[in-house]
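S.K.: Quick one: the structure is below, and I'll ask about it shortly.
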Amino acid sequence: MLPKPMRSVLLVALVVPALYAASQGGYPEKNGPSAVTETKVLSAAEAVKFLPNSVFFRGQSAPIQARNSGGVQFAKDALLLVSLVDTAGYSSSVQEKYQAYLITETPILVEGHRLDPGAYGCGFLAANAFVVMDIGGHDLFSVRSTRDTDLRRPTPLQVLPSAGGAGYRLYVGRDYVNFAQSTSAPGQTPHLHP
């Protein structure tokens, strides 16, 4: 039989590591997408953890601009990520429309147009329009964009909550489009083409 002080030390030496291991294994990863129970806007530093270094669009790979990224972590493990892309290797006609890469794991509505989970090219056009393309460079739809003259600190790309509280805004500079997670079933809101 061990003396009482030695039993106490032995007990602490066995119990503390066991409690620590149990506390780590019993909870989801605190930094992973499954840790979020509420929807939140992702900063560039947060979004880049999930984004690849380069993305495929219209037969080429191009690096993302990590500092110009953002997104939304929706509850229930669904991400929307968007980043500006270095389009130097593309023709001028592609560069005109393709400025950003958008990845969504959940259906979203962009100004009322349903966009299913997937990867897309997108961009803001000079004519106050926002275009979404499949990865082959084919236009899926275009919508009217809005210019926000009251935005205090425009950046090359950012995602902010909508002013009305329902949904979000994707900004490039001062231009934005509204988007929100879709609650309709597939087929209820069809893809609309220009």
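S.K.: So which residues in segment 43-60 are open to solvent by 10 Å² or more (accessible area, probe 1.4 Å), touching a Gly at 6+ places or on another chain (Cβ under 9 Å) and either part of a strand (DSSP E or B) or charged (D, E, K, R) (or both), if there are any at all? Even if it seems obvious, please write down each step before you answer.
M.R.: We begin by selecting, within segment 43-60, every residue open to solvent by 10 Å² or more (accessible area, probe 1.4 Å); these are 43-46, 48-54, 56, 58-60.
Within this subset, residues satisfying the condition of being touching a Gly at 6+ places or on another chain (Cβ under 9 Å) are 43-44, 46, 50-51, 58-60.
E46, R58, Q60, listed by residue number.
S.K.: Conditions: (1) β-branched (V, I, T); (2) modelled with pLDDT under 95; (3) closer than 17 Å to N68 by Cα. T183 meets all but one. Number of the miss?
M.R.: (3)
S.K.: Could you grab me the full set of residues in segment 88-116 that are within 20 Å of G173 (Cβ to Cβ), of a type outside the set (D, E) and touching a strand residue (DSSP E or B) at 6+ places or on another chain (Cβ under 6 Å)?
M.R.: Answer for segment 88-116, where residues must be within 20 Å of G173 (Cβ to Cβ), of a type outside the set (D, E) and touching a strand residue (DSSP E or B) at 6+ places or on another chain (Cβ under 6 Å): K97, Y98, Q99, A100, Y101, L102, V110.
S.K.: Name every residue in segment 138-154 that is aliphatic (A, V, I, L, M) and either in contact (Cβ under 8 Å) with a residue 40 or more places away in the chain or more than 15 Å from E111 (Cβ to Cβ) (or both), in order of residue number.
M.R.: L140, L151 - these are the residues of segment 138-154 that are aliphatic (A, V, I, L, M) and either in contact (Cβ under 8 Å) with a residue 40 or more places away in the chain or more than 15 Å from E111 (Cβ to Cβ) (or both).
The values are calculated or read from the model by the stated rules, or taken from the named source; none is laboratory data. None of these values were measured; they are calculated from a predicted model. Reconstructed Cβ throughout: ideal geometry from the backbone, glycine too, with neighbour counts over all protein chains shown. When the accessible area is computed, the model is the full protein with side chains, heavy atoms only, and any ligands, DNA or RNA have been set aside. Shrake-Rupley method; radii C 1.70, N 1.55, O 1.52, S 1.80 Å.
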